[in-house]
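Accompanying notes for the structure given below.
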Amino acid sequence: MTSLVEVRDLWYAYPALPGVGAQWVLRGVSLQLRAGEVVGLLGASGAGKSTLALALNGSVPQSTGGQVRGEVLIEGLDSKRRPVAELAMRVGIVFQDPEVQFLQTTVEAEVAFGPENLGLPVSEIEQRVTWALGAVGLGEFRSRAPAHLSGGEKQRVAIAAILAMRPRILVLDEPTASLDPRGKLEVLEVIRALRPDHTILLITQESEAVAELADRVLVLDHGQIVMEGDPNRVFGEVERLARLGLRPPEIRELAHCLNRELGVPAFDFSDVEQAVEALGQAAVA
Amino acid sequence: MILAPRLEAIDLWFAYEAERPALRGADLVVEPGEFLALVGQNGSGKSTLAKHLNGLLRPVGGRVRLNGEDISGVATGQLARQVGYVFQNPDHQLFSPSVEQELGLGPRYFGLPAAEVEERVQRGLERFGLRSIAQRGPGTLSFGLRRIVSIAAVATLQPPVFILDEPTTGLDWGSASHLMDHFAELHAQGHSVILITHDMRLVARYASRVVVLSEGRVVGRGSPQEVFRHRELLQAARLQPPRIVELVERLVISGMEIEGLTVEAACRSFLTRYRLKHG
Amino acid sequence: MVEFYQPGESWVHRADPRVKLAFVASSILLLFLLQHPLIFVSAVLGLIGLYRSAGLPASRIWRVGRAVLPVGFLLAVLRAILYPAGTALIAFGPVQITGGGLAQGATLGLRLLGMALIIFLWLFTTESQSIVRGVVKLGVPYPWGLAIGLALRFIPTIRESYDTIVQAQRARGLDLDRTRGLGRVRALLPGLIALMVSSLRASENLARALEARAFGAPGVRRSTLVDIAFRPVDWLFLLLIGLGAAAILLFYLRFGIGADPIRLFP
């Protein structure tokens, strides 16, 4: 498998603020995203997750300034040198708050904005807008005003606006953090549907979602990747995650709690189905 | 022990825009010293309702009573002594050049003597672990810290009632549970806490009562247990109970005697039964 | 959120943004030229007719009126008192209220109201992206046009933030009812600073969002999905606006009609 994204020993510090020295936000991050993978990125607040996301389309450091060391290659292109606009066609970033990323007053114009910036012919833009809105299930919403949509719908428009640029890599930076439970479900549903055609980096605090969607999990702590592996293994380390300020899926926590109290590793289930079966068996045993 | 006031909102109507009322006859009672969760989808009127409890918004119809007295004639600046409000976005509530001064702002607005202000500030810095950044400008801090400062700055007002508007959004679980444990402690001392949140795990763990809003009206109320069991209500308000509640329900259906809304409670409940079986 | 644009399908909504811009520019120019209050009264009535014809609810007209009238009224009174003209109708010591002063005051107040009604009619019936397309077609570079659009898009957001910030101050015990004048300004200052800081932060986020959408891609000629083009009726509107403005201008320049605040016809 080929790496679409290759980050090698990346260090980054934002420009120093008055009264505060420059601090490394990323401290030697290395990672690869292989074609077709869904990778979950977890980390406590301030761990450097959003900074890492912005480093993938070159906004960090090209627009933010500051000090940088190491390398970020997007499909072989150096993200420090190529224009952000060029990288944006390859890496699409969706931000946490859909409100602040809206630039237009209709859904259609919002989704068309990116392709327009690429100077695509009108027929191509039209096609992409239709396709992208269809992909997030909002085909009927073209002439609506984004401000009047529900939280989940807003975030789906934001995703469509990025999809319309046809990036192969999607970076979703806490896309569900400010949504109500149903909005979260809607957005996760969309992410699930995008999976077959995209390489996805899903940054989130929602370990439940990561456990269900991700092929691989990375945990960032104080600018360093401290855990990496398949979700099953990473979420099994309940105590370590807790020390890092993260919450494993509740079902895993339950298994951990039972094992701890019993003093033996009696249970190893990771979803509701497995838990029902295992606990049912234990109860009749 | 703090004696919190009884708050009562009766048939509240309110509209930011005449064409779209945000509250359509909402009723709410907050008993002294209760930990109440206010839930419902984005735009259901949670914040709008809560902002009536300390007079930030005044209803176009209906009344708000504090210990039985109508608050319509009482200035918000006065009500702030009774009801503290932590807003959703920390950046909308940080006004001072340093964290230390930020914590003292409210007590100074109250006109407290300098020594008292100083004491409250010092206690707040200690309590919320902000000592090492006391001289930093709040604007230069990370989102997580700005949030903590915004909460600490309301805590120094020592109001009997706290309204927390999505206080954990953008925080990791470690910081979030640390923060909520702090409010659980205040609740134990007699403070009322009104928690607006989408996080049903917080509701399950901390709230003693839940009020569900939808389209500007209260559509359900009860213990977290009762609300999580109420399928149609959850559907109507677009809510989802925590995964552990789902599991416990499945186990109960399969004939097990298990209960609990949190991992800890379910774990204890199961072990009691499991150990019984093994004699 | 309270936005400017009110979706609708009226003929005002559908008119080309450039036509509307021509109307805004020429009518504001005429409002500055003309002096007689009766002209302004009829202009305001005409504008109210336009609002109704555009399907805008009375509450919208009232909102504009409520925002402008206090200032307009104050200006009118000040003008009437400070610049007396002609014989006094009423006099309190040195303060004289004259017919001329009253007429000039009324003109000033009504001019402000008229201008506000014109500008808001434009904003209420034109989507910000349509305004952007219009000005870009008129030769304004796209980034400037986008800046106008974004300003319009974010004014309500900033307004909302400011309301929340003041609420947050009051929730911390600031008693605005007890502070007046300079004290009030001083009391609100921390809030204004908070607004600046949060707006700066929002603009940082906005910049990242623009980049993520390939804004400013080097060497690319931007395309537009929805282009605007004059329909025959837009040419007609433009012609009517031109003829109307020319006629009023002619009467004004040639015969001095409306040039005096007191006598409509010289």
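The values are calculated or read from the model by the stated rules, or taken from the named source; none is laboratory data. Every value quoted in this text rests on a predicted model; they were computed, and no experiment measured them. All Cβ positions, glycine included, derive from the backbone under ideal geometry; neighbour counts span all protein chains shown.
Go through A:Asp197, A:Asp173 for me and flag whichever is within 14 Å of chain B (Cβ to nearest Cβ) and touching a Lys or Arg at 6+ places or on another chain (Cβ under 9 Å).
A:Asp173
Going by what's in this entry, would A:Ala193 be described as in contact with a strand residue (DSSP E or B) (Cβ under 7 Å, 6 or more places away or on another chain), of a type in the set (Gly, Ala, Ser), part of a helix (DSSP H, G or I) and modelled with pLDDT of 95 or more?
no
Being in contact (Cβ under 8 Å) with a residue 40 or more places away in the chain and of a type in the set (A, V, I, L, M) is the filter; apply it to the range A:68-86 and report the residue that is nearest to the other protein chains (Cβ to nearest Cβ).
Per the criteria, the residue is A:Ile74.
Quick test of your reading of the structure: A:Arg260 fulfils all but one of (1) over 23 Å from A:Ser30 (Cβ atoms); (2) in contact with a helix residue (DSSP H, G or I) (Cβ under 6 Å, 6 or more places away or on another chain). Name the failing condition by number.
(2)
May I ask you to say which residue of B:Gly124, B:Gly144, B:Gly129 is under 20 Å from B:Ala184 (Cα atoms), under 23 Å from the mean Cα position of the chain (by Cα), assigned by TED's automatic domain parsing to the domain that holds B:Asp165 and exposed (fewer than 15 other Cβ atoms within 10 Å of the Cβ)?
One residue alone meets the criteria, B:Gly129.
Regarding C:Gly55, is this residue modelled with pLDDT under 90 and on the phi > 0 side of the Ramachandran plot?
No, not satisfied.
Please tell me if C:Arg153 is among the basic types (Lys, Arg), under 30 Å from C:Pro218 (Cβ atoms) and within 26 Å of the chain's Cα centre (by Cα).
The answer is yes for C:Arg153.
Please verify whether the range C:165-187 includes one or more residues that are among the β-branched types (Val, Ile, Thr), over 16 Å from the mean Cα position of the chain (by Cα), in a helix (DSSP H, G or I) and assigned by TED's automatic domain parsing to the domain that holds C:Ala22.
For the range C:165-187, residues among the β-branched types (Val, Ile, Thr), over 16 Å from the mean Cα position of the chain (by Cα), in a helix (DSSP H, G or I) and assigned by TED's automatic domain parsing to the domain that holds C:Ala22: absent.
Limited to the range C:228-266, what total is found for residues that are among the acidic types (Asp, Glu) and either without any contact (Cβ under 8 Å) to a residue 60 or more places away in the chain or assigned by TED's automatic domain parsing to the domain that holds C:Ser27 (or both)?
1
Within the range B:90-123, how many residues are in a helix (DSSP H, G or I), within 20 Å of C:Arg170 (Cα to Cα) and among the small types (Gly, Ala, Ser)?
2
Report yes if C:Ala187 is closer than 30 Å to B:Leu57 by Cβ, among the small types (Gly, Ala, Ser), crowded, with 16+ Cβ neighbours inside 10 Å and at pLDDT below 90, otherwise no.
When the stated conditions are applied, C:Ala187 passes them.
Being in contact with a Pro (Cβ under 7 Å, 6 or more places away or on another chain) and of a type in the set (Gly, Ala, Ser) is true for just one of B:Ala237, B:Ala265, B:Ala204. Which residue is that?
Testing whether each residue is in contact with a Pro (Cβ under 7 Å, 6 or more places away or on another chain) and of a type in the set (Gly, Ala, Ser) leaves just B:Ala204.
Here are some conditions: (1) over 25 Å from B:Ile163 (Cβ atoms); (2) within 14 Å of chain B (Cβ to nearest Cβ); (3) buried (at least 20 other Cβ atoms within 10 Å of the Cβ). C:Arg213 meets all but one. Which one does it not meet?
Unmet for C:Arg213, out of (1) over 25 Å from B:Ile163 (Cβ atoms); (2) within 14 Å of chain B (Cβ to nearest Cβ); (3) buried (at least 20 other Cβ atoms within 10 Å of the Cβ): (2).
When A:Leu120 is evaluated against the numbered criteria (1) in a strand (DSSP E or B); (2) surrounded by fewer than 24 Cβ atoms within 10 Å (Cβ to Cβ), which criterion, by number, is the only one it fails?
A:Leu120 satisfies every listed condition except (1).
So, of the residues in the range A:87-106 that are more than 7 Å from every other protein chain (Cβ to nearest Cβ) and in a helix (DSSP H, G or I), which turns out to be surrounded by the most Cβ atoms within 10 Å (Cβ to Cβ)?
Here the answer is A:Leu87.
Considering only residues that are among the aliphatic types (A, V, I, L, M) and in a loop (DSSP other than H, G, I, E, B), which ones fall in the range B:1-45?
B:Met1, B:Ile2, B:Leu3, B:Ala4, B:Ala18 - these are the residues of the range B:1-45 that are among the aliphatic types (A, V, I, L, M) and in a loop (DSSP other than H, G, I, E, B).
Quick check on this structure: which one of A:Leu246, A:Leu170 is out of contact with any Cys (no Cβ under 6 Å at 6 or more places or on another chain) and either closer than 14 Å to A:Gly43 by Cβ or at pLDDT below 95 (or both)?
The match here is A:Leu246.
Determine which member of the set B:Leu94, B:Leu103 is at the interface with another protein chain (Cβ under 8 Å from one of its Cβ atoms) and under 24 Å from the mean Cα position of the chain (by Cα).
B:Leu94
Name the strands (runs of 3 or more DSSP E) wholly within the range B:178-274 that hold at least 3 residues that are touching a residue at least 12 places away in the same chain (Cβ under 8 Å) and β-branched (Val, Ile, Thr)?
Per the criteria, B:192-196, B:209-214.
Which numbered condition in (1) at the interface with chain C (Cβ under 9 Å from one of its Cβ atoms); (2) crowded, with 16+ Cβ neighbours inside 10 Å is the only one that B:Gly111 fails?
(2)
Can you pull out the residues in the range A:200-243 that are in contact (Cβ under 8 Å) with a residue 12 or more places away in the chain, over 23 Å from A:Leu170 (Cβ atoms), within 11 Å of chain B (Cβ to nearest Cβ) and surrounded by fewer than 22 Cβ atoms within 10 Å (Cβ to Cβ)?
A:Asp221, A:Val238
Hey, any hits in the range C:20-39 for a residue that's surrounded by 13 or more Cβ atoms within 10 Å (Cβ to Cβ), of a type in the set (Phe, Trp, Tyr) and over 30 Å from C:Ile228 (Cα atoms)?
no
Could you tell me how many of the residues in the range B:147-168 are of a type in the set (A, V, I, L, M, F, W, C) and either within 13 Å of chain A (Cβ to nearest Cβ) or surrounded by fewer than 19 Cβ atoms within 10 Å (Cβ to Cβ) (or both)?
1
So, in the range B:101-124, how many residues would count as being in contact (Cβ under 8 Å) with a residue 12 or more places away in the chain and more than 25 Å from C:Ala202 (Cα to Cα)?
Within the range B:101-124, residues that are in contact (Cβ under 8 Å) with a residue 12 or more places away in the chain and more than 25 Å from C:Ala202 (Cα to Cα) number 11.
If you scan the range C:151-178, which residues turn out to be under 19 Å from B:Pro107 (Cβ atoms) and either more than 12 Å from chain B (Cβ to nearest Cβ) or out of contact with any Lys or Arg (no Cβ under 8 Å at 6 or more places or on another chain) (or both)?
Across the range C:151-178, the qualifying residues are C:Ala168, C:Gln169, C:Arg170, C:Ala171, C:Arg172, C:Leu174, C:Asp175, C:Arg178.
Tell me, please, whether a residue that is touching a Phe, Trp or Tyr at 6+ places or on another chain (Cβ under 8 Å) and within 7 Å of another protein chain (Cβ to nearest Cβ) can be found in the range B:57-67.
no
I need the full set of residues from the range C:74-92 which are of a type in the set (Phe, Trp, Tyr) and either part of a strand (DSSP E or B) or surrounded by 16 or more Cβ atoms within 10 Å (Cβ to Cβ) (or both), in order please.
C:Phe92
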